[in-house]
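**Student:** I have a structure I would like to understand better, so I am pasting it below and will then ask my questions one at a time.
The values are calculated or read from the model by the stated rules, or taken from the named source; none is laboratory data. Bear in mind the structure is a predicted one, so any value in this text is a computation, not a measurement. Here the Cβ positions follow ideal geometry from the backbone for every residue, glycine too, while neighbour counts run over all protein chains shown.
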Amino acid sequence: MIDDGCSTSGQPPAAFCQRLERLLSPDSLAQWWRAFQAEPATAFRINTLKADPGAVLEELAVADIRPEPLRWWSLAYTVPASQRRRLTETAAFAEGRLYVQNPSSMLPPLVLAPAGGDRVLDLAAAPGSKTLQLAALMENRGAISAVEAARSRFFKLRRNLERSGATNVRLYLRDGASVWRVCPERFDAVLLDAPCSGEGLFNAHEPRSYAHWTLQRVERMAARQRRLLFSAVNSLKVGGALVYSTCTLAPEENEAVIAWALERFGDALAVEALDLPIPNQAPGMQRWEGRRMAAAVSAARRVLPTESMQAFFLCRLRKRRPTVDPSMRPEA
């Protein structure tokens, strides 16, 4: 057993750490531990719906904030953790000209890459970071339907959209698992950044981030994710793209959900290769706890955590033929 300190008092549950040892290589486990202990830098992206990037950077310089650009996306920057409060006290933050967002969270909209005129579904949208990023990528053209089931999170989503100038978004307070019955095969692109156990958010400086982890919670989340992905697939037009993502390490919520969808929908779905612009990535796992996944799952990508990036999972699917049958049930 690797002595990473993970089982000591005040650290994540021992059962989680034992899973990590089976999930990660020794080098990746050591990197996870460094990321867990670090106080992460604060990342943000400039909101081009409301501001010119150069003007925002000049505004921040006046406040003695000089962010470092993210190498792989020109609109994203980081500042040291010690400057987070100063950043969030700026008028640029309060007025929505910049949006604080972890770099890993910026990847799903970039991978989906919607066209300006597309009709897009964001199936679990709150608090709105990816919805707003999609609106900016689309330059407020086309239409985004943003769905959120939790009332409190829905109103936070609405406030963020109003502050950030996204005008091509319509909000829906409803269970995303039911959307396909109302809008069968209607959307050009679908983003499902699924509710998850949040293992990618675990950090020693935020004990609440891991206080409620249990394997039972992972299993409950996986069941919910399957229902949402079922709805996402059936809401997507033939020929359209779907991005499934989570901020967790658990294969039950990642590769196993994709493997389930491939079994459920057969050749109607194809996993597309991803070329992420980051070094800290690994292919989707093909085996976990004695279960062998479909070979196509290896085309998905795991984002390995660093001191500045959270652990993430991304998979892009292409719909090849119609799937909707009103008699279908997600777990059938």
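**Student:** Would you be able to tell me the number of residues in the range 161-170 that are surrounded by 20 or more Cβ atoms within 10 Å (Cβ to Cβ) and either in contact with a Lys or Arg (Cβ under 6 Å, 6 or more places away or on another chain) or among the acidic types (Asp, Glu) (or both)? Don't jump to the end; show me each part of the working.
**Tutor:** Looking only at the range 161-170, we keep the residues that are surrounded by 20 or more Cβ atoms within 10 Å (Cβ to Cβ), and these are 161, 164, 166, 169.
Subsequent filtering for residues that are either in contact with a Lys or Arg (Cβ under 6 Å, 6 or more places away or on another chain) or among the acidic types (Asp, Glu) (or both) retains none.
Residues that pass the stated criteria total 0.
**Student:** Hand me the list of helices (runs of 4 or more DSSP H) wholly inside the range 8-67 holding 2 or more residues that are of a type outside the set (Asp, Glu) and in contact with a Pro (Cβ under 8 Å, 6 or more places away or on another chain). Before the answer, list the steps.
**Tutor:** Working: elements: 14-23, 26-37, 53-62.
Fully inside the range 8-67 and qualifying: 26-37, 53-62.
**Student:** In a strand (DSSP E or B) and either among the β-branched types (Val, Ile, Thr) or outside the structural domain of ASP193 (by TED's automatic domain parsing) (or both): which single residue out of VAL297, VAL243 fits that description? Walk me through it before giving the result.
**Tutor:** On the way: VAL297 fails: in a strand (DSSP E or B).
Answer to the check: VAL243.
**Student:** Can I ask one more? Scan the range 201-237 for residues that are within 15 Å of the chain's Cα centre (by Cα) and surrounded by fewer than 19 Cβ atoms within 10 Å (Cβ to Cβ) and report the count.
**Tutor:** Matching residues across the range 201-237 total 1.
**Student:** With respect to the numbered conditions (1) in contact with a strand residue (DSSP E or B) (Cβ under 7 Å, 6 or more places away or on another chain); (2) of a type outside the set (Asp, Glu); (3) under 18 Å from ARG329 (Cα atoms), which one is the sole condition not fulfilled by VAL243?
**Tutor:** The number of the failed condition is (3).
**Student:** Could you check GLY165 against (1) touching a strand residue (DSSP E or B) at 6+ places or on another chain (Cβ under 9 Å); (2) more than 21 Å from ARG224 (Cβ to Cβ) and say which number it fails?
**Tutor:** Here GLY165 clears every test but (1).
**Student:** Kindly provide the set of residues from the range 183-200 that are surrounded by fewer than 18 Cβ atoms within 10 Å (Cβ to Cβ) and not in a loop (DSSP other than H, G, I, E, B), ordered by number.
**Tutor:** None; the set is empty.
**Student:** Quick one: ARG329 ticks every box in (1) surrounded by fewer than 21 Cβ atoms within 10 Å (Cβ to Cβ); (2) among the charged types (D, E, K, R); (3) in the same structural domain as LEU229 (by TED's automatic domain parsing) bar one, so which box is it?
**Tutor:** (3)
**Student:** Taking the range 74-126 as the region of interest, how many residues are surrounded by fewer than 16 Cβ atoms within 10 Å (Cβ to Cβ), out of contact with any Gly (no Cβ under 8 Å at 6 or more places or on another chain) and either under 24 Å from LEU242 (Cα atoms) or not charged (D, E, K, R) (or both)?
**Tutor:** 9
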